[in-house]
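Student: One structure, as structure tokens, below. Some questions next.
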Amino acid sequence: LLLDLLPPGVCNLLNPAAIYANNEISLGDVEIYGFDYDYTLAQYSNLLHSMIFNTARDILIEQFKYPEGLGKYDYIPGFAIRGLHYDVQKSLLMKIDAFHYVQLGTAYRGLKPVPDEEVIELYGGTQHIPLYQMSDFYGKGPSLKQFMDIFSLPEMTLLSSVIDYFITHGIEFDQVHLYKDISDAIRDVHVKGVMYKWIEKDMEKYILHGDEIYAVLNRLVNHKKKLFLITNSPFSFVDKGMKHMVGKNWRDLFDMVIVQADKPNFFTDRRKPFRKLDDKGSLQWDKINQLEKGKIYKEGNLFDFLRLTGWRGSKVLYFGDHLYSDLADLMLRHGWRTGAIVPELETEIRIINTEQYMHSLTWQQALTGLLERMQMYQDAESKQVLLEWMKERQEIRSLTKNLFNPQFGSIFRTFHNPTYFSRRLVRFSDIYMASISYDVNFTFYPRRTPLQHEAPLWMDQLCTGCMKTPFLEEMVHIR
């Protein structure tokens, strides 16, 4: 039956390298392109996560005097996914959907899953987490922290490993102190420049996609577009990375380069003025009255940036990987167009394109249709059948989740709802893609997708290219 439902070629419908639109945007109207550096222009190999984990773990042992037994823990690639929330007081790492519900089966304390019943009990008999607990605008709420940065994957794994050690050895710990110590250890890896030294020492090992970046930037400059870079990384690190990817004259492509910008404060705080750096990265003392092409600037703020450049509104398109720190303020407060770089997209689309995923999804939809249609029958035999279908549907959902990540599933979906991450992606980005790739005169038209009350219109031929699912015609009449 499933093979009959899947048209030929359906398993290659999605292109992992494509650009996907949340909002209509014409690139012909964009005159100025801005970029973040880390995980936007520079994509890093997963080896970097192991190095961050190991170094932060050693900082905990040597400087914070944590138990030496932690040294036995190594980084677990693929344990965590981006967009998870951590409840500091309950030591729970979990995935939350767009409606503030914890996805059952995705709550972990340490390296072990927490039973669904315990999760519901911990939150007062519900899976729902109220807004005031969830997070502030940047995902750093009073009791829940959201991990939106790709660099946070080793942090989540270290957090889980340390908790696992303490629980396994029956050691009591203060949840707030533990979270802060681990955050500080991870921060030290970045702030003290350890990570920068590894990457600078072995560019080939850590940096990916150099040729693509050069091609995109060059194409934009050849079409008379203005380019700028705003990054939190230091100049020497960015300079070496860009020379590796783009060439020694990389700065000729950019009208402006701003380093150590302190985003997201760069976008919201007016206090820090720009400072100029010389070609060796040393600070200059003169007052900045204009931003000159070919010069390097440090710190500053967006309000001075706008005043000195006159670059405003929808003629500016800025790319970044962090939905909060890079994109949110630019879109909501300043009306810039935004592009989110989501490296995980490539892997997830490859999974979506597999026959196994398409089979699972199609049969889930079919079972859901059956459950919806047959629930009117209340005799004992029918109820038994419905229970079996519900059990089968749940099993298929779990199998589908495991295709992406055995612990937490897809970064974009819970079983059927968008994730909290996914909702923010739609809210803060006009377009999103796995890595920088571009055309200069293309218009992106997001597909009109059905609201629930419009769904019957999409159920058959009216939706071009959609798969026919059994029982949809009958469901239209039921609706």
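Student: How far is the Cα center of the stretch 46-78 from the Cα center of the stretch 259-338, in Å?
Tutor: The distance from the Cα centre of the stretch 46-78 to that of the stretch 259-338 comes to 34 Å.
Student: Sticking with this structure for a sec: Can you give the calculated 222 nm mean residue ellipticity of the chain, where each DSSP H run of n ≥ 4 adds -39,500 (n - 2.57) and the sum is split over every residue, rounded to the nearest 500 deg cm²/dmol?
Tutor: Per the formula, -12000 deg cm²/dmol.
Student: With just the Cα atoms defining each centre, how far is the stretch 132-211 from the stretch 96-121? Give it in Å.
Tutor: Each part's Cα centre sits 20 Å from the other's.
Student: Find the centroid of the Cα atoms in the stretch 223-241 and in the stretch 12-32, then give the distance between the two in whole Å.
Tutor: Taking the Cα centre of the stretch 12-32 as reference, the centre of the stretch 223-241 is 23 Å away.
Student: Let me know the longest stretch in the chain that avoids all GluC sites (Glu not before Pro) found in a DSSP loop with at most 15 other C-beta atoms within 10 Å.
Tutor: Counting at most 15 other Cβ atoms within 10 Å as exposed, the longest clean stretch of the chain is 293-479.
Student: While we're looking at this one, here's another question. Quick one: which residues, 5+ away or cross-chain, put their amide H under 5 Å from the amide H of Ile207? H built at 1.01 Å from N.
Tutor: HN-HN under 5 Å from Ile207: Ser45.
Student: Just the number, please: Stokes-Einstein D of the stretch 243-393 in µm²/s, Kirkwood Rh from C-alpha pairs, 10 °C, 1.306 mPa s.
Tutor: 78
Student: Would you mind getting the accessible area per residue of the stretch 87-140, heavy atoms of the protein chains only, 1.4 Å probe, in Å²?
Tutor: With all protein chains present, the stretch 87-140 gives 47 Å² per residue.
Student: Round to the nearest 0.05 the FRET efficiency obtained for Val385 and His416 when R0 = 22 Å and r is the Cβ-Cβ distance.
Tutor: 0.50
Student: Taking Lys248 as the anchor, which lysines have their alpha carbon closer than 22 Å to its alpha carbon, excluding any fewer than eight residues away along the same chain?
Tutor: Lys197, Lys201, Lys205, Lys224, Lys225, Lys226, Lys240, Lys276, Lys280, Lys293, Lys295, Lys298
Student: Follow-up question, since we're still on this one. How much length would be gained if the chain were fully extended between Lys240 and Leu13, taking 0.36 nm per residue of separation minus their Cα-Cα distance, in nm to one decimal?
Tutor: 77.8 nm is the gain from fully extending Lys240 to Leu13.
Student: With each pseudo-label sitting 7 Å past Cα toward Cβ, what's the Asp211-Gln394 distance in nm, one decimal?
Tutor: Result: 5.0 nm between the two label points.
Student: Sticking with this structure for a sec: If you wrap a convex hull around the alpha carbons of the stretch 30-150, what volume per residue comes out, as a whole number of Å³?
Tutor: 163
Student: Roughly speaking, what is the stretch gain from Gln133 to Asp304, that is 0.36 nm per residue apart minus the C-alpha to C-alpha distance, in nm to one decimal?
Tutor: Taking Gln133 through Asp304 to full extension adds about 58.1 nm, to one decimal.
Student: DSSP H helices in the chain with Cα extent of 27 Å or more along the helix axis and mean Kyte-Doolittle hydropathy at least -0.5?
Tutor: Span-like helices here: 355-374.
Student: Please work out the FRET efficiency for the pair Asn23 and Arg187, using the Cβ-Cβ distance as r and a Förster radius of 41 Å; give the result to the nearest 0.05.
Tutor: E between Asn23 and Arg187, to the nearest 0.05, is 0.75.
Student: Out of the chymotrypsin sites (Phe, Trp or Tyr not before Pro) in the stretch 325-411, which ones are loop residues according to DSSP with at most 16 other C-beta atoms within 10 Å?
Tutor: Tyr377
Student: Turning to a different aspect of this structure: Counting only residues 5 or more places away or on other chains, whose amide H sits under 5 Å from the amide H of Leu92 once H atoms are built in the peptide plane?
Tutor: It is Asp87, by chain and number.
Student: Suppose the chain between Asp202 and Asn441 were pulled fully straight at 0.36 nm per residue; how much longer would it get relative to their current alpha carbon spacing?
Tutor: Gain on stretching Asp202 to Asn441: 82.4 nm.
Student: I've got another one for you. At a threshold of 8 angstrom on Cα-Cα distance, excluding pairs fewer than six apart, so keeping six or more, what relative contact order does the chain reach in percent?
Tutor: Across the chain, relative contact order equals 25 percent.
Student: Right, next: Of all the accessible heavy-atom surface of the chain, with the other protein chains kept in place and a 1.4 Å probe, what percent is carbon and sulfur?
Tutor: Roughly 51 percent, rounded to a whole number.
Student: Same structure again: If amide hydrogens are placed 1.01 Å from N in the peptide plane, which non-local residues have theirs closer than 5 Å to the one on Leu84?
Tutor: The answer is Phe147.
Student: Taking the stretch 189-271, which trypsin sites (Lys or Arg not before Pro) meet the DSSP loop condition and have no more than 10 other C-beta atoms within 10 Å?
Tutor: Here the sparse-neighbourhood loop sites are Lys224, Lys248, Arg270, Arg271.
Student: How much accessible area per residue does the stretch 173-277 have, counting only protein heavy atoms and a probe of 1.4 Å, in square angstrom?
Tutor: With all protein chains present, the stretch 173-277 gives 49 Å² per residue.
Student: Separate question: Applying 1/(1 + (r/R0)^6) with R0 = 35 Å to the Cβ-Cβ distance of Asn353 and Gln63, what FRET efficiency is obtained, to the nearest 0.05?
Tutor: Efficiency, from the Cβ-Cβ distance: 0.15.
The values are calculated or read from the model by the stated rules, or taken from the named source; none is laboratory data. Because the structure is a prediction, the values reported are computed rather than measured. Counting neighbours? That spans all protein chains shown, and the Cβs are built from the backbone with ideal geometry, glycine included. SASA here: full protein model, heavy atoms, side chains in, ligands and nucleic acids out. Shrake-Rupley method; radii C 1.70, N 1.55, O 1.52, S 1.80 Å.
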